Structure formats: C-alpha cells, structure tokens
Amino acid sequence: MDELKAGCGRPMSPGAVITDSGVNFSIYSADASKITLCLFERDDSELPFCTFDLDSEKNRTGNIWHIFVYGLKEGALYLYKADGEYNPPKGLRYNYHKYLFDPYAKAFTKGSVFRSYNNLMKSGLAGVQEGELINLSDFPKCVVTDDSFDWEGDRPLNYPLEKCIIYETHLKGFTASKSSELEPAVAGTYAGFTKKIDYLKKLGITSVELLPVFEFDENENGNVNPKTGESLVNYWGYSTIGFFAPKTSYASDKSPGGSVREFKQMVKELHKAGIEVILDVVYNHTAEGNEHGYTFEWRGLQNDVYYQLPVNEKQYYMNFSGCGNTFNCNNPIVSDFILSSLRYWVLEMHVDGFRFDLASILTRAQNGAPINDMPCLTEAISLDPVLAHTKIIAEPWDCGGLYQLGGFPAGDKNRWSEWNGRFRDDIRRFIRGDEDTATAAATRVAGSSDCYNHSGKKVTASINFITAHDGFTLNDLVSYNYKHNEENGEDNRDGSDDNLSYNHGFEGECSNSKINALRLRKIKNFLIYLFVSQGVPMMLGGDEMLRTQNGNNNAYCQDNDLSWIDWGLVQKNAGLVRFTSGLIKLRKAHEIFTRTRFFLGSSDKGTIPEINWYDMNAKNPDWSKQKRFLAFKLNGNPSVNDIHDNDFYIATNTDIYDLTITLPSLADDKKWYLVADSSFESPEDIMDEGQEELLNEQRRYVLISGATVILMSK
C-alpha cells in the first residue's frame, strides 16, 4: 500500500469522517499522554501496516485528539492505542499495550474480542510484554463507513403510539432456523429478516422491537451446556461494544461496512410494508465488566468519566446493572455520547424508536444516587429536537432497586412510555384463576390509571405485555409451574422463580387433549386481554404460533433451536395465528380500544359512563365478591365518548365451573353479536369482520370454565 500522509485534522464530528481527500479521525481522552492511530490492511491482519502517533501540540484541541489521513477511503480499518497513567485508585486504567475500539465506530469487522483477549491478554497488565499482544488476526477492527445510501425518500413512520401493535423478537433468531427455508448465508441476518416481512404484515403488527443489534460479542459467556458439552454464548446481546454499529455477524454481506448497508435496506423494506423499527438499546452498562473485566475502549480512554466509580474507591465499579459496571450516563461527556448515538440511529439508520434496558440507570447521578430535583439524561432525551417524534420506551427499573413505574422522570410527561410490569403480573394472576384478582385486572384493562393518571400522563404511557424475551413464552406460561434452565450451565439458579405460571396438571408438553384444550383457551384469554386493554400492546414474537423454550425462562445463552422461531409452527398452529391476527384486526378497526385518555366515570355530555363493569347478573359488581369473574362494556356512543364506535361487552370466567351470565341491555334496538369466544375451536373462535353471529333475545350466555367472550353491538 502506498505510504499515507497525515495532517493535523480537526475536532469535528467524533469518530471517522470521510471527506473528498481522506478521513478525519477524532477521539476523546482527557488524561491520555499519547494516542496512536493504527491502520490495518485486512480484517485478519496481525499487525497494523501504518501507525500515527498523535502530537499533543498539533493533534489535540482541548480533550479531543484528531488527525487527518489523506487518501484514505471507505472500508479502511483502524484501532487506537492510548498511553497514560495506570492508577486504578485514581480511576485511571491506561495501558498502551492494549488496542482500543473507537467508541463512535459505525461498523466492525468480524472477529471475537473475548477470544482474542482470552488468548492474548488474560494475564492482565502485570508482566505483560507488548510482543505478547501483537497477534490481532481474530481481533475486530473498526471500519470507516460512508453514510450515503439511497433511501428512496424513506423516513421514520412515526405512528401514534395508540395505533401501534409491537412485536418483540430477536433479529437473528427470527430466521436462523432451517425451518425458515432460507439459504444458510441469509438465515439469521438483516436480509433474512426482510424475507419474512409478508408474514409480519399479514399478522397485522405495526412495529417490530428488536433485541439488541448494537455490536456485541457472543463469546463473552464462559459457561458450558452440561447436557451437551457445547459452549454457551451471549445470544440476547445485552453487552454493548459499539453504540453506533449494527452487529456485523447479523449481516449476510461480509464486506467491511456491509452490516450498515444491509441494516438500512432492512429498515427501508420494513417501512415500505408499513412496519416501524424499534431498537432495544443498552446504555446502562458496557461489555467491559467490573475491575476484573476487559479493556475494549471506554476504560482505556477515560475510565473515570465513562463509568460510575465509588468516590473513595475508584478501583472498583458501581454496579446498578447487575453486569459489573454502570455507565456514567449523567456525566455531560457521556450524556452527549448517548444522545449522539440516538440521533445517529434516527437520522442515518431511520429507526422509529428505542426501548431502553434498565432505564432507571439513566436517572442516576454520577454518585449513583437517584436524581429527583434536577435535569437528567431522560429529560434531555425527551426534549431533544431530533428525537421529537421518536418513540422512547423505558424499562422503568434497574438492578439496584430503583423502581420507577408510573413515575419515570420524563421532562415532557407524555414523551416516555414504560414497560408495565404490573399489567403483566395482574393479568397473569387473573387468567391463572387466582382469587380476588378481578379488581386488579380491571384496573389494568382500563389503562392502569393508578400508575399514570395522577401524573397527567396519557394511556399510551403504558406498554402492556404478558410475555417478553425475559421469562416464559406464552405457551410455557400455561405449561410449566417451574423454570427449567438446567442447560444454561448455572445449576438452574438463573432466571426468575416468580413466574405466575400454571401447568394445568402436567409439567411441560403432554398428550392429554383436555389439558391442551384448556391451555390453548388460557393463551387465547391472554391474547384477548392484551389487545382489548387500553394502552399499547406488545407481544413476544412466536407466541402467536405456540413457540416453546421447554420451560427455560432465561434463554439468554441459547443461540439454537430452543430460542429460534420454528416456522413449521405457523402451519401446525394456524388456528392460533389466525386468532391473533383477528384480534389485531379488531383492535385496529375500533378506536374504542385505542384511546389516549383515561376513562371518565361519567361523560360531561351525559350520565352514561364510558366503561361499565358488571357481575354475572349484569348488575353493578360488588368488587369484594368478584372472585374469578370480570365483565365490562365499552360504550361507543358519541354522546358518551369523543368517538363513534360499536359497544363492546367482554366477560371472563376463570372459575372451574361453567357460568350462565346475563348480558347488559342495549339502547336503540341494538343487538349483541358474537365476535370471539376463546373456548371455541378455530375458525369459530373469532369471526371475520362482518360475519359476527347474532345472539338470541334471551340475554343469556353460557360462558364455560376458563373462557372469555367478546360481543359487539349492532
């Protein structure tokens, strides 16, 4: 390669920025005494072919180090080295022997950070000679990328939250299985995901929420499957090493920067189909771990800025994430880094929103204390002009005990929505058949006003879910009393023991037709409550086709058929797929299910409540006696609501006995029509629009044990 020439560069946009004449590199480090830029010819290069030592007089402005390399183009590969004081008690961990990633890198080459470090650096700083650490053939390199892409006019879709149906799934696991019938090179990739867009569109979802796709290293998990002897991995990806880079191994295009182009193409195709892209993002910690962890980038550039460290023991790390360290989110340098990352994914990658893992960490001060009376990062995110129409969803708790459901610090009170864990738990208890849970379930159906209405938030603050990636699938929720995580290599200690599940008489898969029918009925009940409740529904990908993880409720390490979507289930369980799609169509067709404000006890326009609650005799319920029955009517009369819709009556019997219930009366000679009954077999379990069945005039309905019915007025 021709000899490269370098200039001083400028402290322009952080990272590697392409210009007509070369590439400008800039990187932050306040206490480094020396920064070296290392350039590589290939992804498997063992040594850099060219290095540039940055002069602290010419190549530094403030705390930004910068250099311009003439003639360098897209696809160039690079790493950094940083020298300085190694003094952990002061919070400084510089080590010039270690190659560092650019925190602003937009793509990485293939390779394994952890395998490289395990092989080359496991002995740590003491006694390590530079000559022992020069083999970088399996070590990822940062890639200089060009942001240009033909978007064909595409922009984020920005659907109103109340109109959204969110489908949470794993990018790779969605198509990795042989059952996807995709070519091996495409299966489990961004390109593979686009091959299944038609399925998502037919199902009716509006928004896919992808588990982490920011660059991470699967090989950080050192456990072994005790049954098979196979090495386990980090499959979920909650361990970021690149906050600007889509994961390289998820791309079928293996050329440098191919992951960026392929991700953009996937987003564009999803948008063409009318489907949003929401990313699950992990800004609460990084893959560098605790004081015994590794140095990839942040620790080697400015450890005491990027991480929360105890004031008097800076050799250690505060750990509110449960993963060894806590990102110092409310340090101005780190806040700016996070905001820059979010803006990049919106502006350059066109994503529609973010779900923030352990988001309460974003509200902790630099000393780890919760911020209650001053601006914090979550306020900056909610008020950021670039992110103004982007969906922002919080997991409103962390592993340090900070639980902020209903009170997540927002800045703009209607910008943040929250994963509603109380919806999950209360609906699980009610459908399971627990006594005295109808009142709590009613509160969740009505939008969880106890959590959100007091603070003036909208109903859309509540992201309703029954299942998510973390925990049982819907099938396993009705098939197991206990978790079965033995294959995770942690002696079944990992994962929650509080699942609010019920196996209905047999642990796991069984051949008893009565048990299976009851399980299916309960699954349909869960789905009904998910889609008729006020708030924003989020379903776990595969629940509509009865996906199972064989009782594993923490499959974070299972990159195999246990976690992947089995596409054969679509045909095998076509009835449930149809039922789910029918419920989604019902929700979309009737704005009475997609309100933005909470119900009023009685309308300003009259005395008729917007929602009525009933006992089995169609009378006002005595809530102290509502053991295992819940019924309500949604009034679609425009004189009551600001909407014009049908009335809906929904009733659930979670008792072991069948009930003959009385239906509420209707005005204006309207009659009740049957929309769905979870006890019926497909296709009678849900009616197509316009095909609803007229009920007789007796105002009686037999609601069998464990069933839910939906009626509509006409």
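The values are calculated or read from the model by the stated rules, or taken from the named source; none is laboratory data. Just so it is clear, the model here is predicted, and its values are computed rather than measured. Here the Cβ is made from the backbone with ideal geometry for all residues, glycine too, and neighbour counts use every protein chain on show. These area figures cover heavy atoms from the full protein model, side chains too; ligands, DNA and RNA do not enter into them. Shrake-Rupley method; radii C 1.70, N 1.55, O 1.52, S 1.80 Å.
Odds and ends about this structure:
- Selection status of Ser259, within 22 Å of the chain's Cα centre (by Cα), open to solvent by less than 10 Å² (accessible area, probe 1.4 Å) and either at pLDDT below 95 or within 24 Å of Leu210 (Cα to Cα) (or both): yes
- Matching residues, region 544-559, being more than 20 Å from the chain's Cα centre (by Cα) and open to solvent by 20 Å² or more (accessible area, probe 1.4 Å): Leu546, Asn550
- Filtered residues of region 151-182 (kept if in a loop (DSSP other than H, G, I, E, B) and either among the hydroxyl-bearing types (Ser, Thr, Tyr) or within 13 Å of Glu269 (Cα to Cα) (or both)): Trp151, Glu152, Gly153, Asp154, Arg155, Pro156, Leu157, Tyr159, Thr175, Ser177
- Among the conditions (1) assigned to a loop (DSSP other than H, G, I, E, B); (2) within 20 Å of His469 (Cβ to Cβ), the only one that Ile523 does not satisfy is (1).
- Ser239 at pLDDT 95 or above, open to solvent by 10 Å² or more (accessible area, probe 1.4 Å) and over 14 Å from Val351 (Cα atoms): no
Let's see how each residue does on (1) open to solvent by less than 50 Å² (accessible area, probe 1.4 Å); (2) closer than 30 Å to Glu435 by Cβ; (3) not in a loop (DSSP other than H, G, I, E, B):
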position	(1), (2), (3)
Asn612	yes, yes, yes
Asn620	no, yes, no
Ile656	no, yes, no
Ile661	yes, yes, yes
Ala667	no, no, no
Ser679	yes, yes, no
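- So Asp336, is it free of Cβ contacts under 8 Å to residues at least 12 places away in the same chain and either open to solvent by 10 Å² or more (accessible area, probe 1.4 Å) or in contact with a Pro (Cβ under 6 Å, 6 or more places away or on another chain) (or both): yes
- Candidates Thr175, Thr206, Thr169, filtered to the one that is of a type in the set (S, T, N, Q) and within 20 Å of Arg261 (Cβ to Cβ): Thr175
- Residue match in region 624-636 (condition: at pLDDT below 95 and not in a loop (DSSP other than H, G, I, E, B)): yes
- Filtered by the rule that a residue be part of a helix (DSSP H, G or I), touching a Pro at 6+ places or on another chain (Cβ under 8 Å) and more than 22 Å from Ala107 (Cα to Cα), region 339-368 gives Ala359, Ser360, Thr363.
- Of all residues in region 401-425 being within 30 Å of Asn481 (Cβ to Cβ) and open to solvent by 20 Å² or more (accessible area, probe 1.4 Å), the one that is farthest from the chain's Cα centre (by Cα): Gly401
- Subset of region 79-112 [more than 23 Å from Phe216 (Cβ to Cβ) and touching an Asp or Glu at 6+ places or on another chain (Cβ under 9 Å)]: Gly84, Glu85, Pro88, Pro89, Lys90, Gly91, Leu92, Tyr94, Tyr96, His97
- Answer from Asp645, Asp604 - the residue that is modelled with pLDDT under 95 and open to solvent by less than 50 Å² (accessible area, probe 1.4 Å): Asp645
- Pairs meeting the criteria (first residue in region 554-582 and touching a residue at least 60 places away in the same chain (Cβ under 8 Å) and over 30 Å from Asp491 (Cβ atoms), second residue in a loop (DSSP other than H, G, I, E, B) and open to solvent by less than 30 Å² (accessible area, probe 1.4 Å), beta carbons under 6 Å, at least 6 apart or on different chains) are Phe579/Asp685; Ser581/Gly204.
- Any hit, region 344-365, residues being at pLDDT below 95 and not aliphatic (A, V, I, L, M): no
Residues are listed down the side, and each one gets a yes or a no for (1) of a type in the set (S, T, N, Q); (2) open to solvent by 30 Å² or more (accessible area, probe 1.4 Å); (3) within 17 Å of Asp566 (Cα to Cα):
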residue	(1), (2), (3)
Thr145	yes, no, no
Leu157	no, yes, no
Lys163	no, yes, no
Ser177	yes, no, yes
Ser180	yes, no, yes
Ala185	no, yes, no
Tyr190	no, no, no
Lys195	no, yes, yes
Tyr199	no, yes, yes
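- Test for Met318: is it in contact with a Ser or Thr (Cβ under 8 Å, 6 or more places away or on another chain) and open to solvent by 20 Å² or more (accessible area, probe 1.4 Å): yes
- Entry remark, region 452-468: residues being open to solvent by 10 Å² or more (accessible area, probe 1.4 Å), of a type outside the set (D, E, K, R) and farther than 20 Å from Leu527 by Cα number 4 in total.
- For region 296-315, a tally of residues being open to solvent by less than 10 Å² (accessible area, probe 1.4 Å) and either under 17 Å from Phe114 (Cα atoms) or modelled with pLDDT under 95 (or both) returns 5.
- Taking region 496-515 as the range and being open to solvent by 30 Å² or more (accessible area, probe 1.4 Å), part of a loop (DSSP other than H, G, I, E, B) and either within 13 Å of Phe472 (Cβ to Cβ) or not small (Gly, Ala, Ser) (or both) as the test, the residues that pass are Ser496, Asp497, Asp498, Tyr502, Phe506, Glu507, Glu509, Asn512.
- In region 469-495, the residue that is least open to solvent (accessible area, probe 1.4 Å) out of those that are farther than 15 Å from Thr548 by Cβ and among the charged types (D, E, K, R) is Asp494.
Results for (1) in a helix (DSSP H, G or I); (2) open to solvent by less than 10 Å² (accessible area, probe 1.4 Å); (3) within 21 Å of Ala6 (Cα to Cα); (4) in contact (Cβ under 8 Å) with a residue 12 or more places away in the chain, shown as yes or no for each residue.
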{"residue": "Asn24", "(1), (2), (3), (4)": "no, yes, yes, yes"}
{"residue": "Lys58", "(1), (2), (3), (4)": "no, no, yes, yes"}
{"residue": "Asn95", "(1), (2), (3), (4)": "no, no, no, yes"}
{"residue": "Gly111", "(1), (2), (3), (4)": "no, no, no, yes"}
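- Among the conditions (1) surrounded by 18 or more Cβ atoms within 10 Å (Cβ to Cβ); (2) under 17 Å from Arg521 (Cα atoms), Gln626 misses just one, which is (2).
- Criterion (at pLDDT below 95 and assigned to a loop (DSSP other than H, G, I, E, B)) met by exactly one of Gly471, Gly411, Gly401: Gly411
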